[in-house]
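Read the figures in this text as sums done on the coordinates, not as results from a lab. Since the structure is predicted, the reported quantities are computational estimates derived from the model, not experimental observations. Cβ: placed from backbone, ideal geometry, glycine included. Neighbour counts: every protein chain shown.
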Amino acid sequence: MSAPALPVLVVADDHTGANATAGRLAARGVEAVTLPAVDGDAAAVDATLRDRHPTAVVVSTASRHVEPQAAMLAVRRVLASLPAARIVSKRIDTTLRGNIGSELDAVLRAELAAGRQATALVVPAHPDGGRTTVGGVQLVDGQPVTTSEAAADARRPVRASRVTAVLAEQMDQRIAEVDIDTVRAGGAALSTALAADAEVIVADAVDDGDLSRLAHAAVTVAERTGRRWVPCDPGPFTAAFADAAGALGAAPGAVLALVGSVTSVTRAQLASLSQRLRVAVVPVDVADLDGAALARRLAAEAHREDVDVVAAATAPHGAHVRSDLDAAAADRIAVELGRALRTCMEHTSPAGLYLTGGDVTAGALAALDADGLAVDREILPLAVLGRVLGGPHAGTLVATKGGLVGGADAAARCIDELRAAARVRDPSRSTPP
């Protein structure tokens, strides 16, 4: 029996890049495996994958430093050896080294030969690694890649910082570009840009929020037009796109967040989270807080399909901060937020709970009749992932964080951990049909 169709297949040009991309996919709660270069031996690949059924397979062709024709042949052999995949991705180097155009061309031609007209969406940014793309220029720590050590690479030095220039030198395909302003505008403007009449589209990106916007917009375009995408990137965009497209399994549902801290740190984290994920913020009027009414608003948002996080926030903006609240009022707020959470959970099945602020965390666990929290691991200093211990909601995943803890990405990191843990706990979520 041959291996079943794969949700995600990534073709990388070196082993470390393959492993890094697999790590990005695995961090979303699915099984990802890496394989060395294969030489058209489909039977051997079938034998390797038959019992594991991974969600993502990343294959290294070890072709970064070979001649272009040899690189294209290596890519074709990989695609001939692996089962069909819902998403085929081309992993490229963050500094544009190697045969990125030639190998991408090989993928597009293989797709066409299989009867699938595909468009490559090239997103070379790797924000966590200091690699960004602005104005079509690849930057390393804010400087053009040709000013980095990649330009002095002994085997394949980079001669151009403009992504389209590197691609056009190696492939004969129509290339369009999407600038950062269009990416940040989102909506119709971004969808229109991604529907361009071209075989390759190169998109700017500076942070994870840009990657998320591009991923969701690409999925929207695919649903409206039937366009098949080949993600081409160093790994982060492939993970975001595969998640948005449902290739990693069913979305784990919305995370319910109680953001009771009123610090500027918390507001910055909420803003950063909103750039990275689809967040519905429900402002809380602490002067007139009705837990039952708030629960209805939270539940309504949680039932939306286009929302990843529903956050009840007591001070989403600085103007909302109240400085005249005494201890009794603060305690009442924690109680009412907990009451809202409990009522909301009677009508929804969240992926997990994100609680920030000590009083809010205590109020939420008390409202859920929990005996405590079974802590699984530390996410970052003073932020942990665990499960509700005891009570009717025992086992519910929870991330807690202090109000003054972490950098701007702290909330996003906590919620990423929650969403990944939700997939791991329910294996059916990471086994797409």
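Some values worked out for this structure:
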| item | result |
| --- | --- |
| Lys, Arg +1 and Asp, Glu -1 on Cβ, resulting dipole of segment 6-244 about Cα centre, debye, nearest 20 | 400 debye |
| Kirkwood-based shape ratio for segment 255-430, expressed as Rg/Rh from alpha carbons | 0.93 |
| Extension gain, Gln69 back to Asp181 (0.36 nm per residue minus Cα-Cα distance, nm) | 36.7 nm |
| Cut-off under 5 Å, modelled amide H: who pairs with Thr34 long-range | Val58 |
| Segment 337-422 - percent relative contact order, Cα under 8 Å, separation 6 or more | 30 percent |
| Relative contact order computed over the chain (Cα-Cα under 8 Å; 6+ residues apart), in percent | 15 percent |
| Percent of alpha-carbon pairs separated by more than 29 Å within the chain | 48 percent |
| Cα-based Rg of segment 118-168 normalised by 2.2 N^0.38 Å, two decimals | 1.14 |
| Summed residue charge, Cβ within 14 Å of Ala114's Cβ, Lys/Arg positive, Asp/Glu negative | +4 |
| Listed residues Ala125, Ala399, Ala43, most fluctuating in the chain (Gaussian network, C-alpha, under 10 Å) | Ala43 |
| Average projected area [Cα convex hull, segment 27-126], square nanometres | 6.8 nm² |
| Net lengthening on full extension, Ala27/Gln143 (0.36 nm per residue, minus Cα-Cα) | 38.9 nm |
| Computed E for Asp172/Arg86 - FRET, C-beta separation, R0 30 angstrom, nearest 0.05 | 0.65 |
| The chain: calculated mean residue ellipticity at 222 nm from DSSP helix runs of at least 4, using -39500 (n - 2.57) | -12000 deg cm²/dmol |
| Trypsin sites (Lys or Arg not before Pro) restricted to segment 25-124 and DSSP loop, no more than 14 other C-beta within 10 Å | Arg50, Arg52, Arg116 |
| Local electrostatic count, Leu79, Cβ distance below 12 Å [Lys/Arg +1, Asp/Glu -1] | +3 |
| Coarse-grained scattering of segment 334-415 at q = 0.13, 0.17 Å⁻¹, given as base-10 log I(q)/I(0) from a Debye sum over alpha-carbon atoms | -0.36, -0.62 |
| Signed unit charges on C-beta, dipole axis of the chain, positive-most listed residue Val262, Val45, Val310 | Val45 |
| Largest-first ellipsoid semi-axes for segment 139-281, taking √(5λ) over the Cα gyration tensor eigenvalues, angstrom | 30, 22, 14 |
| Rounded to the nearest 20 debye, dipole of the chain from Cβ charges on Lys, Arg, Asp, Glu | 660 debye |
| Separation in nanometres of the label points that stand 7 Å from Cα toward Cβ, at Arg227 and Arg278 | 1.8 nm |
| Alpha carbon convex hull of segment 6-244, volume per residue in cubic angstrom | 107 Å³ |
| For segment 88-173, alpha-carbon Rg relative to the globular expectation (2.2 N^0.38 Å, N residues) | 1.12 |
| Net charge contributed by nearby residues that have their C-beta within less than 11 Å of Ala399 (K/R +1, D/E -1) | +1 |
| Shape box of segment 246-314 [Cα atoms, principal axes, largest first, Å] | 44, 28, 12 |
